[in-house]
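Values quoted throughout were computed directly from the atomic coordinates according to the rules given, and no laboratory measurement underlies them. Keep in mind it's a predicted model, so treat the numbers as computed, not measured. Reconstructed Cβ throughout: ideal geometry from the backbone, glycine too, with neighbour counts over all protein chains shown.
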Amino acid sequence: MMNKLSLTICSALLVLATRASAQPAADGDKIATLVSTLAKQQLWMNGLTPHIGLDRDALPAQVLERYFAVRLYDGAPLKEYTIIAIREVLIPPDDNNSPTMSAVLVESTLGPKIVLMRFEGSGWWTRAFDVK
């Protein structure tokens, strides 16, 4: 009796796990799509970006708050946003030019955005991307 119950439970868990892995998370899709797109564009890191002067141990939410305070949209900082997801990403190629960084998906009054950030020496390198 116990073996049959164990087998039934294991089968049910396997079915649930298969369904969960077959359905990508909505917030994860946007981050994965951006990573895939940037991996094909080798010069995506070039250009000016806000350097956020916070310590290495700053939380992504703290870096994001400071980023939106200094990055102006139509002459004003973005004040209303909600963090949807935070995930560590590595954008290929996997070498010294592609360090691991945090990808923060936010929903804002200006639509969804993904802010990439990583600590570099004396502060945080940041760059935001509009997403659909």
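Data table
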read-out	value
Asp57, Asp29 arranged by Cβ crowding within 10 Å, fewest neighbours leading	Asp57, Asp29
Over region 24-130, relative contact order from alpha-carbon pairs under 8 Å, at least 6 apart, %	28 percent
Against the rule of thumb 2.2 N^0.38 Å, how large the Cα Rg of region 24-130 comes out	1.02
